[in-house]
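In what follows, a single structure is set out as structure tokens and then discussed.
The values are calculated or read from the model by the stated rules, or taken from the named source; none is laboratory data. Everything numeric in this text was worked out from a predicted model, so none of it was measured. Backbone-built Cβ (ideal geometry, glycine too); neighbour counts: all protein chains shown. Just so you know, the surface numbers come from the protein's heavy atoms only, side chains and all, with ligands and any DNA or RNA stripped out. Shrake-Rupley method; radii C 1.70, N 1.55, O 1.52, S 1.80 Å.
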Amino acid sequence: MILSNDFFERLKGIVSYSWEIFSQKVGSGLIQINKEASMQLKYAYILQQFIPLIIFDNREKVEIELESTCFINGKTREIDILLKGTNCVSETYTIAIELKCYKKLASSGNPRGAHDIFMKDVYCDLFLLEQYCNHNHADLGISLVMTNYQTSVNPLNKSAKCWAYDISNGAQVSSGTNFCTPIGGNEIDFTLNKNYSFLWKSYGEYWFTEIIGS
């Protein structure tokens, strides 16, 4: 993908390759991640290093914005990472990236809890990414998720209500699926209009997935 003649394919390619490199470095312990803020900064740094490698024409340009502000239905939203590229004929493409990180232990060393909220938030990010695209803030939305909590990926059972937001390995979501199961005492009601697959890779004690709607 990063060698494609298609500029947009090259943009998508560096998102995926950067995620693979990030995943392996975190899994090996070369990169330490405490929470989503450090995940965002360290992934964005790797992404930035790839930009010169996919520029094949001096008229091409790629920029990264962190916490890029946009408005959705009158509300302010901040896109974790917005990748903006312009090709040699001045066509502009944007990729919105949302990141989620859940570690089983908090920085205090105590169990983190709120795993159900994490699962729900992964799905909320997918909905937000669709909204970014629907409102012309992005051409493509990509969700990047990491965890060292094995229950997220390989649960023994799915009896709890939080599994309405199934993020386990192999989970599938069909276009048109509505989500309304309340989590954390908050009412929820949204519909995903794309198909999604959760396919996790394991490196070290962590699991990583890249989720793109189709």
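Quick notes on this one:
- Being open to solvent by less than 20 Å² (accessible area, probe 1.4 Å) and not in a strand (DSSP E or B) holds for only one residue in PHE22, PHE56, PHE8, PHE50, and it is PHE22.
- Among strands (runs of 3 or more DSSP E) entirely within segment 97-196, having at least 3 residues that are surrounded by 12 or more Cβ atoms within 10 Å (Cβ to Cβ) singles out 140-147, 190-192.
- Residue within segment 148-160 that is modelled with pLDDT of 95 or more and charged (D, E, K, R) present: no
- Residues in segment 59-107 that are among the basic types (Lys, Arg), under 20 Å from TYR45 (Cα atoms) and within 21 Å of the chain's Cα centre (by Cα): LYS84, LYS100.
- Matching residues, segment 62-76, being in contact with a helix residue (DSSP H, G or I) (Cβ under 9 Å, 6 or more places away or on another chain) and either open to solvent by 90 Å² or more (accessible area, probe 1.4 Å) or outside any strand (DSSP E or B) (or both): ASN73
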